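The values are calculated or read from the model by the stated rules, or taken from the named source; none is laboratory data. Keep in mind that this is a model prediction, so the values were computed, not measured. In this analysis, Cβ positions are derived from the backbone assuming ideal geometry, glycine residues included, and neighbour counts consider all displayed protein chains. Quick note on the areas: whole protein, heavy atoms, side chains included, nothing else; ligands and nucleic acids left out. Shrake-Rupley method; radii C 1.70, N 1.55, O 1.52, S 1.80 Å.
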Amino acid sequence: DHRKILVIDGHTAFNGDVNLADEYINRKVKYGHWKDAAVMLKGEAVKSFTLMFLQMWGIGERKDEYARFLAYDPHPVKGAGGYVVPYGDCPLDGEKVGERVYMDILNRSLSYVHIMTPYLILDDEMKSALKYAAQRGVDVKLILPGIPDKKTAYALAKSHYQSLVNAGVKIYEYTPGFVHAKVFVCDDIKAVVGTINLDYRSLYHHFECGTFLYRTECIADIERDFQDTLEKCRRVTQNSIRHEKGSYKLMGSFLKFIAPLM
């Protein structure tokens, strides 16, 4: 279970990538500055996260008490505009919802797709979608950690750099520390904030969740946060790839063979 859900009395929900540990609020520094992202929801969308929590809490059990937790009638949210669609992903049903949402954003993008993710462990389909979007002229930017929490995952991410950069994907590393945010924002009209990494575990093996936003006012805030984070990043270039540590290159080449297990 990789979901992160907080629901308060049926009227407010939080969703994002923030776990309950001191490093997530930078009280404890392990990998430099820890960068997270989350959204606060009010209104009808909260019920979706209430239900996701109850399904996990009572998995395999009777569901007689769901109704009393879903009975709260939220006050309508005025002036928000657009649509908010919480969604869950389950490894037991064969439906790759998390991957399909990301792929749909990439394949339908017209101007830009800006992404923050801590891990970049890609299958061929996702890698092709990133490259094809960039080759169509879409501004595809990825922000990844500058200080890794797992050296194996860091090496695997770097093993994709050359191919992606050659296709026009722009990759940046967050120099102050570790990016743990899982964010997609596209064309000023779509965004996803949630728990789903760009790796095999999130896309195939975990219980996950996310918040899909369409034409909501807060999308501008999400893009602004991306740009603010970008100012603290170094860009990955052909030159920096050539001068990458040999140990990372060797490790990444080897780990690609077992990446689906990681």
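Checking residue 48 against (1) surrounded by fewer than 19 Cβ atoms within 10 Å (Cβ to Cβ); (2) at negative phi, only one condition comes out false. Which one? All conditions pass for residue 48, except number (1). Of the residues making up the range 138-164, just one is surrounded by fewer than 22 Cβ atoms within 10 Å (Cβ to Cβ) and closer than 15 Å to residue 182 by Cα, namely 141.
Would you check which residues across the range 8-19 are in contact with a helix residue (DSSP H, G or I) (Cβ under 7 Å, 6 or more places away or on another chain), closer than 15 Å to residue 86 by Cβ and either among the basic types (Lys, Arg) or open to solvent by 50 Å² or more (accessible area, probe 1.4 Å) (or both) and list them? Hit for the range 8-19 is 11, nothing else. Kindly indicate the residue of the range 96-143 that is under 13 Å from the mean Cα position of the chain (by Cα) and of a type in the set (Phe, Trp, Tyr) and also modelled with the highest pLDDT among those meeting that condition. Per the criteria, the residue is 102. Checking the stated criteria, residue 62 turns out not to satisfy the condition of being open to solvent by 30 Å² or more (accessible area, probe 1.4 Å), part of a helix (DSSP H, G or I), more than 27 Å from residue 217 (Cα to Cα) and modelled with pLDDT under 90.
All of 76, 91 fail the test of being more than 30 Å from residue 220 (Cβ to Cβ) and open to solvent by 40 Å² or more (accessible area, probe 1.4 Å), apart from 91. A single entry from 77, 84, 18 fulfils the requirement of being out of contact with any Phe, Trp or Tyr (no Cβ under 6 Å at 6 or more places or on another chain) and either within 30 Å of residue 151 (Cα to Cα) or part of a loop (DSSP other than H, G, I, E, B) (or both): 77. For the range 20-41, a residue qualifies if it is exposed (fewer than 15 other Cβ atoms within 10 Å of the Cβ) and modelled with pLDDT under 95, and the qualifying residues are 20, 21, 22, 25, 26, 27, 28, 29, 30. Taking first residues from the range 109-137 that are touching a residue at least 60 places away in the same chain (Cβ under 8 Å) and crowded, with 23+ Cβ neighbours inside 10 Å and partners that are assigned to a helix (DSSP H, G or I) and among the β-branched types (Val, Ile, Thr), the Cβ contacts under 8 Å between residues at least 6 apart in sequence or on separate chains come to 113/105; 116/229.
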